[in-house]
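The values are calculated or read from the model by the stated rules, or taken from the named source; none is laboratory data. Computed from a prediction, not measured in an experiment: that's the story for all the values here. Every residue, glycine among them, receives a Cβ derived from its backbone with ideal geometry; neighbour counts consider all protein chains shown.
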Amino acid sequence: MFNERMSDTSDTSDAIPAGSETVPLPDLRGRGLVLRPWRPDAEADLDAYLRGLSDPEFLRWNTPLILVKDLADARVSLRARSENVSRGTEAAFCVTDEETGAILGHVGINNINDTMRVALVGYWTLPEARGRGVARRALALATDWAFRYRGLHRLELGHALGHDVSCRIAEAVGFRYEGSLRDAMFAEGRHDAFRDVHLHGRLATDEAPV
């Protein structure tokens, strides 16, 4: 199913050349989803973002440097993401249901390096959106956009060792397992201990998954 392209996504007039700045993100449509920019001043976005980053399952596998504990923190974090988007170093998408508009989660292209044309990808889903292939579909849309319209050549995806669900999502979207990185992320709930990371990568020249 990943041969399918974003037939109803933004056309090439929305392409963002590598290194561009202050270019707004397009809405990406397909696979039953709409990926749109986060809105730092929208109550629904703030509530969903806070729920996502304070969810126990998210915190089991991720240990943020700065916790998002309330709506004020969520607004600060989303505004920082918007600034990164304006600088061209990040593409942060709110994942929504194409029919209802309900917010389902997040997918981001982070730490964009336009010199090397490489970036990191990450995603999470709200509890009520799990088990429906949302993360897989959102990652596929964002990956296709990053290669076709953002001009990137390599995307990297890392997850904590033992996070088998994330491993399956990565492989389903064509991110090959490339090895383990020792002590490459913080241990659960701690900033004084570490855990290993599985590294996956996908190139623009890789054959798209079937």
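Observations on the model:
- Thr125 vs. criteria among the polar types (S, T, N, Q) and in contact with a Gly (Cβ under 7 Å, 6 or more places away or on another chain): yes
- Among the residues of the range 9-51, those that are surrounded by fewer than 12 Cβ atoms within 10 Å (Cβ to Cβ) and either at pLDDT below 50 or outside any helix (DSSP H, G or I) (or both) comprise Asp11, Thr12, Ser13, Pro17, Gly19, Glu21, Thr22, Pro24, Asp41.
Residues are listed down the side, and each one gets a yes or a no for (1) of a type in the set (Phe, Trp, Tyr); (2) crowded, with 19+ Cβ neighbours inside 10 Å; (3) at positive phi; (4) within 15 Å of the chain's Cα centre (by Cα):
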site	(1), (2), (3), (4)
Val118	no, no, no, yes
Glu128	no, no, no, no
Gly131	no, no, yes, no
Thr143	no, yes, no, yes
Leu161	no, no, no, no
Ser180	no, no, no, no
Ala184	no, no, no, no
Ala187	no, no, no, no
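- Of all residue pairs spaced 6 or more apart or on separate chains, those with beta-carbon atoms under 7 Å, a first member in the range 127-140 that is under 21 Å from Asp47 (Cα atoms) and among the aliphatic types (A, V, I, L, M) and a second member that is assigned to a helix (DSSP H, G or I) and modelled with pLDDT of 95 or more are Ala135/Ile169.
- Filter result for Ala92 (farther than 13 Å from Gly32 by Cβ, at pLDDT 95 or above, of a type in the set (Gly, Ala, Ser) and in contact with a strand residue (DSSP E or B) (Cβ under 7 Å, 6 or more places away or on another chain)): yes
- Residue within the range 153-166 that is among the charged types (D, E, K, R) and closer than 21 Å to Gly88 by Cα present: yes
- So Val68, is it surrounded by 13 or more Cβ atoms within 10 Å (Cβ to Cβ), at pLDDT 95 or above, of a type outside the set (S, T, N, Q) and out of contact with any helix residue (DSSP H, G or I) (no Cβ under 9 Å at 6 or more places or on another chain): no
- Restricted to the range 149-167, and to residues there that are among the charged types (D, E, K, R) and touching a residue at least 12 places away in the same chain (Cβ under 8 Å), the residue that is farthest from Glu57 (Cα to Cα) is Arg150.
- Residue selected from the range 38-90 under the condition within 27 Å of Val197 (Cα to Cα) and among the basic types (Lys, Arg), by the criterion nearest to the chain's Cα centre (by Cα): Arg81
- Of all residues in the range 79-107, those that are buried (at least 22 other Cβ atoms within 10 Å of the Cβ) and free of Cβ contacts under 8 Å to residues at least 40 places away in the same chain total 0.
- Residue list for the range 63-107, filter: farther than 21 Å from Glu43 by Cβ and part of a strand (DSSP E or B): Ala91, Val107
- Index of the failed condition, Ala170 passing every other in (1) buried (at least 17 other Cβ atoms within 10 Å of the Cβ); (2) in contact with a helix residue (DSSP H, G or I) (Cβ under 9 Å, 6 or more places away or on another chain); (3) on the phi < 0 side of the Ramachandran plot; (4) in contact (Cβ under 8 Å) with a residue 40 or more places away in the chain: (4)
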